[in-house]
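J.: For reference, the structure I am asking about is given below.
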Amino acid sequence: MARTSLAKAVSLAACLAGQAAAYISNGTVIIPGASSYNGINLTPQMGWDNWNAFQCNVNESLLLNTAKAMVDYGLRDLGYNYIVLDDCWSIGRNETGYLVENPEKFPSGMKHVADTLHGMGMKFGMYSSAGIFTCGRFPGSLGYEQKDADLWASWGVDYLKYDNCYNQGQSGTPKLSFDRYNVMSQALNHTGRKIVYSLCNWGNDDPFDWAYTISNSYRMSGDIYDSFNRPDSRCPCTESIGCAWPGFHCSVMNILNKMAAIQSRSQSGAFNDMDMLEVGNGGQSDSEYVVHFSMWAMNASPLLMGTNVLTLSPANLAIYSNPAVIALNQDPSAGAAVRKWQYFLDPDQTGQGEIALWTRGLANGDQAFALINAANTSMTMNATLYDIFLDAATAGAYQTPAVLGESWDVYDLWGNRMSNTEAGMLINGTAPTLDAMSMSNSTSWYNATATSYADGLKANATALYGTKVGEMGPMGTFSATIGRHSLGLYRIRQRSGAGMRKRDEL
Ligand code: GAL
């Protein structure tokens with residue numbers, strides 16, 4: 001695409017997203033006021049990736065059947081619209097150097113897969129590695145970046161997950177990794193097609209410090225595994241800073257806690273990626289999966305379902321489908337949460353007896369907070385307004401901010417969780433049509449394809465706000481009993497008329 005038409009397309013996307021117009025300088029897209037390097041993915045991408053559940057067992061019917069189920073179960077309309085094909089899809093390169101798909105796995109070809117997905121209102125994600133091989137030892141894209149990007153664009157690919165294996169030693173410093181990943185970034189831009197660029201370099205060389213000017217998301221940890229908090233020596237780091245060996249078999253709590261130090265680097269268009277979701281894979285309890293899903297949402301991580309959608313249980317569909325939690329993830333503020341405190345009840349078992357408070361400011365002035373109990377017994381936990389507004393209270397001259405003197409309504413974001421009966425009806429096709437659910441203003445489901453989360457939040461759509469469970473007065477405290485390996489997830493809203501009016505009247 002010529003630069004002018006790319007510029008037009010970018011500027012249109014930016015305008016649609018409410019951003020100032022974009023322009024191109026030296027081949028780089030510049031969007032004043034926005035951080036997305038290519039004008040897309042202003043809130044975290046959502047979808048499905050086959051890796052966690054299927055590894056190399058991929059083929060076109062798996063992708064297309066999964067996409068159909070996601071449409072039928074209402075997942076597409078909740079926002080899960082990328083189908084990402086992971087490793088092991090190709091057989092090599094042809095005599096002209098282009099990648100060739102495995103004809104047994106993809107007999108109709110990749111363009112057919114992309115076209116069919118697009119026909120369903122879904123998008124197509126592709127995988128490769130910034131190395132000579134992928135991690136599964138299929139051909140990688142190092143040295144073939146433009147050729148591969150052009151081929152994917154010709155197929156209609158909308159997303160690239162770009163791994164880090166077999167990188168020929170071109171890592172070890174941020175600059176080496178930046179340069180290697182930047183080649184593909186430029187190649188994708190050069191195709192003229194809008195392609196979400198998702199780095200998968202496991203936090204290696206601190207991508208949270210450099211990847212936001214060349215990509216839309218970047219993995220910040222070694223690979224997740226389906227465990228709530230079991231330490232595993234193959235995932236040796238407990239902090240993302242200075243982690244020389246990201247590894248794999250990282251638990252939910254391990255990855256969550258690695259976010260604490262780097263949370264400020266998540267931003268519109270470029271998100272810290274905490275890795276694919278494990279909800280549904282069987283290794284955690286229902287309440288552990290609720291913690292996992294909630295905290296990925298709170299931290300504006302991409303939400304990529306990593307399970308077999310075709311065998312999803314009603315309870316797991318209900319977790320993936322909670323619109324009040326997804327609305328946190330898709331909040332226009334596009335920032336991650338802050339861990340305000342963390343205590344270990346049993347100092348000998350670091351990470352095992354943990355309780356924590358995480359909070360996040362939202363675009364409309366609401367605040368979200370999560371009380372996490374990763375310890376082994378149920379307990380009463382407290383969140384104070386002071387902790388929630390700690391940053392305002394400790395800024396500058398340490399003056400008490402007005403928000404501490406105001407009153408707030410507390411909403412439980414899991415209060416309207418879809419019942420297993422309703423989720424079961426969606427799975428077996430006996431639920432009212434999704435249109436009817438949407439029209440009836442369901443409190444447990446939401447059609448984000450019809451009305452974006454940003455617009456639904458502005459319109460106070462009930463499904464996005466959970467159920468009211470309490471109030472916090474000036475300098476107040478909210479207390480809740482939180483079961484073991486569980487969390488309370490809340491949104492607080494300033495009580496209408498209280499503090500705001502006082503300020504207006506001054
Ligand atoms: C890993 C990556 C996984 C998956 C796998 C494929 O490096 O982190 O998410 O893509 O490679 O081989």
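The values are calculated or read from the model by the stated rules, or taken from the named source; none is laboratory data. This one's a predicted model, so the numbers in the text were calculated from it and none came from an experiment. Note that each Cβ is placed from the backbone with ideal geometry, even for glycine, and that neighbours are counted across all protein chains shown. Calculation scope for accessible area: heavy atoms of the full protein, side chains included, ligands and nucleic acids excluded. Shrake-Rupley method; radii C 1.70, N 1.55, O 1.52, S 1.80 Å.
J.: Looking only at residues in segment 388-415 that are part of a helix (DSSP H, G or I) and open to solvent by 40 Å² or more (accessible area, probe 1.4 Å), which one is farthest from L489 (Cα to Cα)?
T.: A402
J.: Separate question: Considering only residues that are within 16 Å of the ligand (Cβ to nearest atom) and either part of a loop (DSSP other than H, G, I, E, B) or within 18 Å of D273 (Cα to Cα) (or both), which ones fall in segment 175-186?
T.: If we filter segment 175-186 for residues that are within 16 Å of the ligand (Cβ to nearest atom), which is where we start, we get 177, 180-181, 184.
If the condition is that a residue be within 16 Å of the ligand (Cβ to nearest atom) and either part of a loop (DSSP other than H, G, I, E, B) or within 18 Å of D273 (Cα to Cα) (or both), then S177, Y181 are the ones that fit.
J.: Which of the following residues is of a type in the set (A, V, I, L, M), open to solvent by less than 10 Å² (accessible area, probe 1.4 Å) and at pLDDT 95 or above: A260, A270, A315? Talk me through it step by step, then tell me what you get.
T.: On the way: A260 fails: open to solvent by less than 10 Å² (accessible area, probe 1.4 Å); A315 fails: open to solvent by less than 10 Å² (accessible area, probe 1.4 Å).
Step by step, each of A260, A270, A315 is checked, and only A270 is of a type in the set (A, V, I, L, M), open to solvent by less than 10 Å² (accessible area, probe 1.4 Å) and at pLDDT 95 or above.
J.: Same structure, new question: If we keep just the residues of segment 54-94 that are among the small types (G, A, S) and within 26 Å of D148 (Cβ to Cβ), which is nearest to the ligand (Cβ to nearest atom)?
T.: Out of the qualifying residues, it is S90.
J.: Here is a further query. Is it true that P174 is surrounded by fewer than 24 Cβ atoms within 10 Å (Cβ to Cβ), assigned by the TED database to the domain that holds M276, on the phi < 0 side of the Ramachandran plot and not aliphatic (A, V, I, L, M)? Give the steps one after another, and end with the answer.
T.: Details: surrounded by fewer than 24 Cβ atoms within 10 Å (Cβ to Cβ): yes; assigned by the TED database to the domain that holds M276: yes; on the phi < 0 side of the Ramachandran plot: yes; not aliphatic (A, V, I, L, M): yes.
Spelling it out, P174 is indeed surrounded by fewer than 24 Cβ atoms within 10 Å (Cβ to Cβ), assigned by the TED database to the domain that holds M276, on the phi < 0 side of the Ramachandran plot and not aliphatic (A, V, I, L, M).
J.: H249: within 15 Å of the ligand (Cβ to nearest atom) and not assigned by the TED database to the domain that holds H485, yes or no?
T.: yes
J.: Something else about it: If you take the residues in segment 196-242 that are small (G, A, S), farther than 18 Å from M305 by Cα and assigned to a loop (DSSP other than H, G, I, E, B), which one is nearest to the ligand (Cβ to nearest atom)? Spell out the reasoning first.
T.: First, pick out the residues of segment 196-242 that are small (G, A, S): 198, 203, 211, 215, 217, 221-222, 227, 233, 240, 242.
After this cut, where a residue has to be farther than 18 Å from M305 by Cα as well, the list is 203, 211, 215, 233, 240, 242.
Restricting the remaining residues to those that are assigned to a loop (DSSP other than H, G, I, E, B) gives 203, 215, 233, 240, 242.
Numbers: G203: 10, S215: 15, S233: 18, S240: 15, G242: 20 Å.
Once the filter is applied, the top-ranked residue is G203.
J.: Considering I388, I355, I427, which residue is more than 29 Å from M253 (Cβ to Cβ) and in contact with a Phe, Trp or Tyr (Cβ under 8 Å, 6 or more places away or on another chain)? Write out each step before concluding.
T.: Values: I388 fails: more than 29 Å from M253 (Cβ to Cβ); I355 fails: more than 29 Å from M253 (Cβ to Cβ).
Unique residue meeting the criteria: I427.
So that you can scan it fast, the table gives a plain yes or no per residue for (1) in the same structural domain as Q267 (by the TED database); (2) without any contact (Cβ under 8 Å) to a residue 60 or more places away in the chain; (3) not small (G, A, S):
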position: N364; (1), (2), (3): no, no, yes
position: Q367; (1), (2), (3): no, no, yes
position: L371; (1), (2), (3): no, no, yes
position: A374; (1), (2), (3): no, no, no
position: S378; (1), (2), (3): no, no, no
position: A383; (1), (2), (3): no, no, no
position: F389; (1), (2), (3): no, yes, yes
position: A392; (1), (2), (3): no, yes, no
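J.: Another question, if that's okay. Assess whether G79 counts as being surrounded by 14 or more Cβ atoms within 10 Å (Cβ to Cβ), modelled with pLDDT of 95 or more and either within 25 Å of L303 (Cβ to Cβ) or in contact with a Cys (Cβ under 6 Å, 6 or more places away or on another chain) (or both).
T.: Considered against the rule, which asks whether it is surrounded by 14 or more Cβ atoms within 10 Å (Cβ to Cβ), modelled with pLDDT of 95 or more and either within 25 Å of L303 (Cβ to Cβ) or in contact with a Cys (Cβ under 6 Å, 6 or more places away or on another chain) (or both), G79 comes out as yes.
J.: Of (1) over 20 Å from S185 (Cα atoms); (2) in contact with a Pro (Cβ under 9 Å, 6 or more places away or on another chain); (3) more than 13 Å from the ligand (Cβ to nearest atom), V113 satisfies all except one. Which?
T.: The one condition V113 does not meet is (2).
J.: Let me ask something additional. Give me the pairs, please: first residue somewhere in segment 247-258 and in contact (Cβ under 8 Å) with a residue 40 or more places away in the chain and among the polar types (S, T, N, Q), second residue anywhere and assigned to a strand (DSSP E or B) and surrounded by fewer than 24 Cβ atoms within 10 Å (Cβ to Cβ), beta-carbon distance under 7 Å, and either six or more positions apart or on two chains.
T.: none
J.: What are the pairs with Cβ atoms under 8 angstrom where one residue, in segment 110-121, is within 17 Å of W89 (Cβ to Cβ) and the other, located anywhere, is of a type in the set (K, R) and crowded, with 18+ Cβ neighbours inside 10 Å? Sequence gap at least six, or different chains.
T.: Short answer, once both residue conditions are applied: L117/K123.
J.: Could you figure out which of (1) away from the ligand (no atom under 16 Å from the Cβ); (2) farther than 30 Å from A431 by Cα; (3) in contact with a Ser or Thr (Cβ under 6 Å, 6 or more places away or on another chain) isn't true of F106?
T.: Tallying (1) away from the ligand (no atom under 16 Å from the Cβ); (2) farther than 30 Å from A431 by Cα; (3) in contact with a Ser or Thr (Cβ under 6 Å, 6 or more places away or on another chain), F106 fails exactly one: (3).
J.: Any idea which of G242, G247, G222, G203 is closer than 22 Å to Y166 by Cβ, open to solvent by 10 Å² or more (accessible area, probe 1.4 Å) and not β-branched (V, I, T)?
T.: G247
J.: Before we move on, is L160 within 16 Å of the ligand (Cβ to nearest atom) and aliphatic (A, V, I, L, M)?
T.: Values: within 16 Å of the ligand (Cβ to nearest atom): yes; aliphatic (A, V, I, L, M): yes.
Judged against the criteria, L160 is a match.
J.: Can you work out which of the residues in segment 279-296 that are of a type outside the set (F, W, Y) and open to solvent by less than 10 Å² (accessible area, probe 1.4 Å) is farthest from K258 (Cα to Cα)?
T.: Of everything passing the filter in segment 279-296, V279 is farthest from K258 (Cα to Cα).
J.: Do we find a residue being closer than 25 Å to L426 by Cα, assigned to a loop (DSSP other than H, G, I, E, B), in contact (Cβ under 8 Å) with a residue 12 or more places away in the chain and within 16 Å of the ligand (Cβ to nearest atom) anywhere in segment 42-49?
T.: Yes, that holds for at least one residue.
J.: Is there a residue in segment 81-89 that is more than 22 Å from the chain's Cα centre (by Cα), assigned by the TED database to the domain that holds T307 and free of Cβ contacts under 8 Å to residues at least 24 places away in the same chain?
T.: Checked against the condition, which is being more than 22 Å from the chain's Cα centre (by Cα), assigned by the TED database to the domain that holds T307 and free of Cβ contacts under 8 Å to residues at least 24 places away in the same chain, segment 81-89 yields no hits at all.
J.: Taking segment 377-387 as the search range and keeping residues that are open to solvent by 50 Å² or more (accessible area, probe 1.4 Å) and of a type outside the set (F, W, Y), which one is modelled with the lowest pLDDT?
T.: Among residues in segment 377-387 that are open to solvent by 50 Å² or more (accessible area, probe 1.4 Å) and of a type outside the set (F, W, Y), the one modelled with the lowest pLDDT is T377.
J.: Restricting segment 130-157 to residues that are polar (S, T, N, Q) and away from the ligand (no atom under 16 Å from the Cβ), which is surrounded by the fewest Cβ atoms within 10 Å (Cβ to Cβ)?
T.: S154
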